[in-house]
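Here the structure comes first, spelled out in structure tokens, and everything after it is commentary.
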């Protein structure tokens, strides 16, 4: 009886490991993220209040990490006349079927967590995030990333405050550097 129990545990462990191995294997959504690898120049427009856009520029270096499972972004530029930098990671969770992202930057100490899906063509990723803003209270953010072509990405960020009104807070156009190394 003890031998049968040991065999069953080994079989269960092997089945479990097979599931984890399958879920850890990069798939087509990871290939979509890999298309964003490279060095980019970025032009941004932000709205801290409606009707008052602020423009800035920056650079972004994006690379696949952890054997093609996650896209890492390192951003450097300026915002409101001050230096600004940020780091983000985006991946696709094979288990939940969702894109998941984190973002950290020099304008705060929080880590923002986004999740969402891609459109049917696989060129637009839409994600949402809930955040308790220290000034405005609970808010929802919505981000949209579009692969326009091999050398152009567009990113938009929207915020919805407690009253339920959604407003665009940022739009960014990423242009691939001519000497960018990508897949």
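The values are calculated or read from the model by the stated rules, or taken from the named source; none is laboratory data. As the structure is a prediction and not an experimental result, all values here were calculated from the model. As a convention, Cβ positions derive from the backbone with ideal geometry for all residues, glycine included, and neighbour counts pool all protein chains shown.
The table below lists the values:
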item: Residues of region 131-143 satisfying the condition of being without any contact (Cβ under 8 Å) to a residue 24 or more places away in the chain and in a loop (DSSP other than H, G, I, E, B); result: 134, 135
item: Which numbered condition residue 130 fails, given (1) surrounded by 14 or more Cβ atoms within 10 Å (Cβ to Cβ); (2) under 16 Å from the mean Cα position of the chain (by Cα); (3) under 25 Å from residue 49 (Cβ atoms); result: (1)
item: Condition met for residue 171 (more than 18 Å from the chain's Cα centre (by Cα) and either within 18 Å of residue 116 (Cβ to Cβ) or modelled with pLDDT of 90 or more (or both)); result: no
item: Region 144-162 residues that are on the phi > 0 side of the Ramachandran plot and outside any strand (DSSP E or B), paired with ones that are modelled with pLDDT of 95 or more and surrounded by 14 or more Cβ atoms within 10 Å (Cβ to Cβ) (beta carbon under 9 Å, 6 or more apart); result: none
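Okay, residues lined up against (1) touching a strand residue (DSSP E or B) at 6+ places or on another chain (Cβ under 6 Å); (2) surrounded by fewer than 18 Cβ atoms within 10 Å (Cβ to Cβ); (3) at pLDDT 95 or above; (4) over 21 Å from residue 148 (Cβ atoms):
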| site | (1), (2), (3), (4) |
| --- | --- |
| 45 | yes, yes, no, no |
| 59 | yes, yes, yes, no |
| 74 | yes, yes, yes, yes |
| 87 | yes, yes, yes, yes |
| 99 | yes, no, yes, no |
